[in-house]
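Here's the structure, in structure tokens; my notes come after.
The values are calculated or read from the model by the stated rules, or taken from the named source; none is laboratory data. Note that the structure is predicted; figures quoted are calculated from it, not measured. Every residue, glycine among them, receives a Cβ derived from its backbone with ideal geometry; neighbour counts consider all protein chains shown. What goes into the accessible areas is simple: the full protein's heavy atoms, side chains included, and nothing from ligands, DNA or RNA. Shrake-Rupley method; radii C 1.70, N 1.55, O 1.52, S 1.80 Å.
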Amino acid sequence: MDSSNAPDQLLRAQLMQVLSGIEPWDDQERTHLAATAEWITSGAPLYRTLKPATPAKHLVSYFVVLDETREELLLVAHRKAGLWLPSGGHVEPTEDPWHTVRRECREELRIEAVPALITGDRPIFLTVTRTRGQGQHTDVSL
């Protein structure tokens, strides 16, 4: 095995383990999970290397800020998409999705991410979505 490829293979194996912990809610998510597993194991680039859309398909991680006492959650106005979405951002090379959540939570909201009791630090869903507007690309969202 080429040792220069070992870190990438380790990250891909970790991502496959993350995917295996996601219980699909419906047939669409089941399809997205299967397609994402195929994409990860294909050796294709996984991380955005050049804004806005290189490669044309890359990982992102969203998180939901919950106020359990008031039974509310936070959505933010995504300027480029023109949609109300959970906070989040692009997964950086060598980063796992939980590290992305922690980093983006500090950067965007100036607070520390704390895993919810019901989900922990693992994603609970996955979507594969074509973005809107200029620089369209496909986000694989955890």
Of the residues in the stretch 95-105 that are open to solvent by less than 40 Å² (accessible area, probe 1.4 Å), without any contact (Cβ under 8 Å) to a residue 60 or more places away in the chain and not charged (D, E, K, R), the one that is farthest from Pro24 (Cα to Cα) is Cys105
Among the residues of the stretch 121-130, the number that are outside any loop (DSSP other than H, G, I, E, B), in contact with a Phe, Trp or Tyr (Cβ under 9 Å, 6 or more places away or on another chain) and without any contact (Cβ under 8 Å) to a residue 24 or more places away in the chain is 0
Screening Glu108, Glu92 for residues that are open to solvent by 70 Å² or more (accessible area, probe 1.4 Å), touching a Ser or Thr at 6+ places or on another chain (Cβ under 8 Å) and under 15 Å from Leu15 (Cα atoms) leaves only Glu92
Within the stretch 36-45, residues open to solvent by less than 60 Å² (accessible area, probe 1.4 Å) and out of contact with any helix residue (DSSP H, G or I) (no Cβ under 7 Å at 6 or more places or on another chain) come out as Trp39, Gly43, Ala44
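Quick grid of which residues meet (1) in contact with a Leu (Cβ under 8 Å, 6 or more places away or on another chain); (2) of a type in the set (Ser, Thr, Tyr); (3) over 23 Å from Gln136 (Cβ atoms); (4) outside any loop (DSSP other than H, G, I, E, B):
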position: Gln14; (1), (2), (3), (4): no, no, yes, yes
position: Glu29; (1), (2), (3), (4): yes, no, no, yes
position: Ala35; (1), (2), (3), (4): no, no, no, yes
position: Leu66; (1), (2), (3), (4): yes, no, yes, yes
Subset of the stretch 57-82, residues over 15 Å from the mean Cα position of the chain (by Cα), surrounded by 10 or more Cβ atoms within 10 Å (Cβ to Cβ) and among the aliphatic types (A, V, I, L, M), comes to Val65, Leu66, Leu73, Leu74, Leu75, Val76, Ala81
By residue number, the members of the stretch 111-123 that are β-branched (Val, Ile, Thr) and open to solvent by 100 Å² or more (accessible area, probe 1.4 Å) are Val114, Ile118
Considering the stretch 1-23, residues that are in contact (Cβ under 8 Å) with a residue 60 or more places away in the chain and surrounded by 11 or more Cβ atoms within 10 Å (Cβ to Cβ), and then whichever is farthest from Pro97 (Cα to Cα), we arrive at Pro7
Residue count, the stretch 116-142, condition over 19 Å from Pro52 (Cα atoms) and either of a type in the set (Gly, Ala, Ser) or out of contact with any helix residue (DSSP H, G or I) (no Cβ under 8 Å at 6 or more places or on another chain) (or both), comes to 6
